[in-house]
Amino acid sequence: MAAVLAQFIADTSRQNVLENGDTATILANLKASLAVSSPPADSTINAKMTVATASASATFTAVEIAVKSALGGPTWLLSGFNKTIKLATTGADGLDTGTVPVNGYVALNAIFNPSGARALLAVNANAGVAPNVYGGAKMLAGCSASALLTVVPTNGSSQFRVCGVLGRRVPIPLGTFFTVAANIPGQNISIAAFAPANAKVIFGELSASCSAAANITLSVNSDNASALSQQNLSTFIGSVSAVFIGNFANVLLTTPQSIGIGANTTAGTPSFSYYIVGYEI
C-alpha cells in the first residue's frame, strides 16, 4: 500500500495535479490506483476446512482473506482468520436466516466490521450461484465487507457432509452420478446432487466392464452439444472379470450442475459408471 501511495504522489506531482489543487482528480486517481492494487473479493491464502464426519459445525482457517464492501469497492485484508461456523445457530458464525437446506448446499462468507470484528456467515446456496460478496438482506449490524469463501454440501440432517476445503477446491467422498448397462450416446447429465451451482470445474472417476472381450471408450465433457473440455479414456477389455478404472480432472462446467458424457463398447453388454470426487468454485 505504501508503494502504491508513493507512486501515486510521484505521478500526480508530475502532472501538476497537486499544484492545481484539483481535489476531485486527486481522489479519483487515488481510488483508481488502489483498485488496481487490490486483490479480488474472495481471494484467499491457504484457506482450509475439514469435515471428517458429518457435523453441524466446522472450523475455517486462512492465512489471509480479502473482503470488500461491494465489487469494485474498498478492500480489507484479514490475516490469521480462524472461525468456527455453527449451522444450528443464526447470526455471527451461524446461518444468516431461515434453515439449513436438507441434502443441499451452504455458502460460507467471511464478514467484517471495520472496527475489527470478523465472523463467518452461512447462506442457503440451493437457489443458485452465491455471489462473491454477500448479497442477502441479513448482513450483521456494523459489518460492511464480506467475501465468499466456499460452497459445501449438507446431508439429510442439515449438517455438513464429509468434505474438505482447500482454497477454491472442495474434495468429497466418491459419489456415483450415473451408471448404466448399455452404450451411452452423447448426453447431458445432472450432477446437482454432488456439485453446487457455484462449481466451475469437477474432478472424477470412470469405470467400465463388459460381458465380452471388447474395445471400450468413455468420454466426459462440459456439454454434449459443444464437447468443450472433453476428455476420453479408451482401452481393450480382454476378460469378462476385468474392470477398467480411470480418472478425469478439470472438466469445465459451462452449464451449472450439468456435464456431458458418452460411452461405447464394440461387443457384449457393458457396465459404465461415472463418479465425482470433488469440485472447484
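Scanning the range 123-132 for residues that are in contact with a Pro (Cβ under 6 Å, 6 or more places away or on another chain) and open to solvent by 40 Å² or more (accessible area, probe 1.4 Å), we see that the one that is farthest from residue 97 (Cα to Cα) is 126.
Yes or no, residue by residue, for (1) more than 16 Å from residue 195 (Cα to Cα); (2) surrounded by 16 or more Cβ atoms within 10 Å (Cβ to Cβ); (3) out of contact with any helix residue (DSSP H, G or I) (no Cβ under 6 Å at 6 or more places or on another chain):
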| position | (1), (2), (3) |
| --- | --- |
| 108 | no, yes, yes |
| 112 | yes, yes, yes |
| 121 | yes, yes, yes |
| 134 | yes, yes, yes |
| 137 | yes, no, yes |
| 150 | no, yes, yes |
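In the range 46-60, the residues that are under 21 Å from residue 92 (Cβ atoms) form Cβ pairs under 6 Å with partners that are of a type in the set (Phe, Trp, Tyr), at six or more places apart or across chains, as follows: 49/60; 51/160; 55/160; 58/160. Scanning the range 132-159 for residues that are among the small types (Gly, Ala, Ser) and within 18 Å of residue 72 (Cβ to Cβ) returns 135, 144, 145, 146, 147. Only a single item in (1) of a type outside the set (Ser, Thr, Tyr); (2) surrounded by 16 or more Cβ atoms within 10 Å (Cβ to Cβ); (3) over 22 Å from the mean Cα position of the chain (by Cα) is not met by residue 194, and it is number (3). Taking the range 175-197 as the range and being part of a strand (DSSP E or B) and farther than 13 Å from residue 270 by Cα as the test, the residues that pass are 175, 176, 177, 178, 185, 186, 187, 188, 189, 190. Applying the criterion of at least 2 residues that are hydrophobic (A, V, I, L, M, F, W, C) and open to solvent by 40 Å² or more (accessible area, probe 1.4 Å) to the strands (runs of 3 or more DSSP E) found wholly in the range 198-281 leaves 231-237, 244-252.
If only residues of the range 66-79 that are open to solvent by 60 Å² or more (accessible area, probe 1.4 Å) and either part of a strand (DSSP E or B) or modelled with pLDDT of 95 or more (or both) are counted, the one that is nearest to residue 47 (Cα to Cα) is 79.
All of 136, 104 fail the test of being more than 18 Å from residue 68 (Cα to Cα) and out of contact with any Pro (no Cβ under 7 Å at 6 or more places or on another chain), apart from 104. Listed conditions (1) out of contact with any strand residue (DSSP E or B) (no Cβ under 8 Å at 6 or more places or on another chain); (2) exposed (fewer than 15 other Cβ atoms within 10 Å of the Cβ); (3) modelled with pLDDT under 95 are all met by residue 52, apart from (3). Can you find even one residue in the range 86-96 that is open to solvent by 60 Å² or more (accessible area, probe 1.4 Å), not small (Gly, Ala, Ser) and not in a strand (DSSP E or B)? No - not one qualifying residue is present in the range 86-96.
The values are calculated or read from the model by the stated rules, or taken from the named source; none is laboratory data. Since the structure is predicted, the reported quantities are computational estimates derived from the model, not experimental observations. All Cβ positions, even for glycine, are placed from backbone atoms using ideal geometry, and neighbour counts span all protein chains on display. The accessibility values were calculated without ligands, DNA or RNA, using every heavy atom of the protein model including side chains. Shrake-Rupley method; radii C 1.70, N 1.55, O 1.52, S 1.80 Å.
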